[in-house]
Amino acid sequence: MSPISVEIPRPARLILLLAAILGGLSVALGAFGAHGLRQMVGPREQEIFETAVRYQFYHCFALALVGVLGILAPPRARWWRLAAIAFVAGLFLFCGALYAIVFGAPRWFGAVAPLGGLSFIVGWMLLAIGLGSKSASTLQR
């Protein structure tokens, strides 16, 4: 049996690369939060930091899924790219706002986080639209 050769489209490759980098960063941040952060901030800030790391980690998997779908179903690549943009926006807005608060940004900065949460929701909805499209049962080999 010969190996299957699949060309990875550039957008999908970039999405997967970003998912890998942000996923690795979330592991590093989680380790920092478990060890180094405890001496720097109080319990409430630790909880906020853990929430940011958790959401970052979960959405790295979502980003990776979108990248894989960009390889398997390029005809719907527009949906995958839009979902990836929404997930990345959510990562920066939601997680970034929470990280900023932990490290001393003014509390009002937390008002940015709901925009990130909305971006996450939009990303999941765009993923659903792409999967629910008429040609969703047809994948390339």
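Descriptive notes on the structure:
- Cβ-Cβ under 8 Å pairs, at least 6 apart or on other chains, segment 1-16 side within 18 Å of Ala62 (Cα to Cα), far side exposed (fewer than 15 other Cβ atoms within 10 Å of the Cβ) and modelled with pLDDT of 80 or more: Leu16/Ile8
- Counted residues, segment 16-47 - those being buried (at least 18 other Cβ atoms within 10 Å of the Cβ), closer than 18 Å to Gly116 by Cβ and of a type in the set (A, V, I, L, M): 4
- Within segment 105-131, the set of residues being farther than 20 Å from Ile15 by Cβ and either open to solvent by less than 10 Å² (accessible area, probe 1.4 Å) or of a type outside the set (Phe, Trp, Tyr) (or both) comprises Ala105, Pro106, Arg107, Gly110, Ala111, Val112, Ala113, Pro114, Leu115, Gly117, Leu118.
- Test: residue in segment 62-81 that is farther than 18 Å from Ile15 by Cα, at pLDDT 95 or above and assigned to a helix (DSSP H, G or I): no
- Residues of segment 21-50 classified as in contact (Cβ under 8 Å) with a residue 24 or more places away in the chain and touching an Asp or Glu at 6+ places or on another chain (Cβ under 9 Å), total: 2
- In segment 75-88, the residues that are under 20 Å from Tyr58 (Cβ atoms) form Cβ pairs under 7 Å with partners that are among the polar types (S, T, N, Q) and crowded, with 18+ Cβ neighbours inside 10 Å, at six or more places apart or across chains, as follows: Ala86/Ser119.
- Residue selected from segment 1-58 under the condition under 30 Å from Arg78 (Cβ atoms) and of a type in the set (Ser, Thr, Tyr), by the criterion farthest from the chain's Cα centre (by Cα): Ser5
- Residue within segment 114-128 that is under 30 Å from Ile4 (Cβ atoms) and either out of contact with any helix residue (DSSP H, G or I) (no Cβ under 9 Å at 6 or more places or on another chain) or free of Cβ contacts under 8 Å to residues at least 40 places away in the same chain (or both) present: yes
- Counting the residues of segment 70-83 that are under 15 Å from the mean Cα position of the chain (by Cα) and open to solvent by 20 Å² or more (accessible area, probe 1.4 Å) gives 2.
- Checking segment 93-104 against the condition returns no match, with no residue being in a helix (DSSP H, G or I), touching a residue at least 40 places away in the same chain (Cβ under 8 Å) and open to solvent by 60 Å² or more (accessible area, probe 1.4 Å).
The values are calculated or read from the model by the stated rules, or taken from the named source; none is laboratory data. Note that the structure is predicted; figures quoted are calculated from it, not measured. Note that we place each Cβ from the backbone using ideal geometry, even for glycine, and neighbour counts take in every protein chain shown. Heads up: the accessible areas ignore ligands, DNA and RNA and are worked out on the full protein's heavy atoms, side chains in. Shrake-Rupley method; radii C 1.70, N 1.55, O 1.52, S 1.80 Å.
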